[in-house]
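Single-structure report; data block below.
The values are calculated or read from the model by the stated rules, or taken from the named source; none is laboratory data. Computed from a prediction, not measured in an experiment: that's the story for all the values here. Counting neighbours? That spans all protein chains shown, and the Cβs are built from the backbone with ideal geometry, glycine included. Accessible surface is based on the protein model in full, side chains and every heavy atom, while ligands, DNA and RNA are left aside. Shrake-Rupley method; radii C 1.70, N 1.55, O 1.52, S 1.80 Å.
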Amino acid sequence: PVVMDEATRNRDLKLDHSFKIIQVQVGVVNEYRAQGGEDAKGMVDRALETIEITASNARDMMKPSGRGEPMTGEVID
């Protein structure tokens, strides 16, 4: 069995929660983007903002310990 320390377990739980938030917000975007109108646009805008903040927070959790800088890599669009 894999041995996981408490800090790693807690980080993984937080990351899992972040991914669940993103999945829910994608559902909101899909539901409201076809409706049109200012209310729907507002819901989509808020969902996209939540996705952006949640993804940023999750990436911050993945920074190498003590380095204080984000992980690097190739961005693929």
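For the reader, a short list of remarks on this structure follows.
- Counted residues, the range 31-40 - those being surrounded by 13 or more Cβ atoms within 10 Å (Cβ to Cβ) and either of a type in the set (K, R) or on the phi > 0 side of the Ramachandran plot (or both): 1
- Within the range 23-47, residues that are under 25 Å from A58 (Cα atoms) have Cβ atoms under 8 Å from residues that are open to solvent by 40 Å² or more (accessible area, probe 1.4 Å) and outside any helix (DSSP H, G or I) in these pairs: V44/R33, counting only partners at least 6 apart in sequence or on another chain.
- Odd one out for M43, checked against (1) modelled with pLDDT under 95; (2) open to solvent by 60 Å² or more (accessible area, probe 1.4 Å); (3) part of a helix (DSSP H, G or I): (1)
- Summed over the range 23-40, the residues that are touching a helix residue (DSSP H, G or I) at 6+ places or on another chain (Cβ under 6 Å) and either under 21 Å from T8 (Cα atoms) or at pLDDT 95 or above (or both) give a count of 5.
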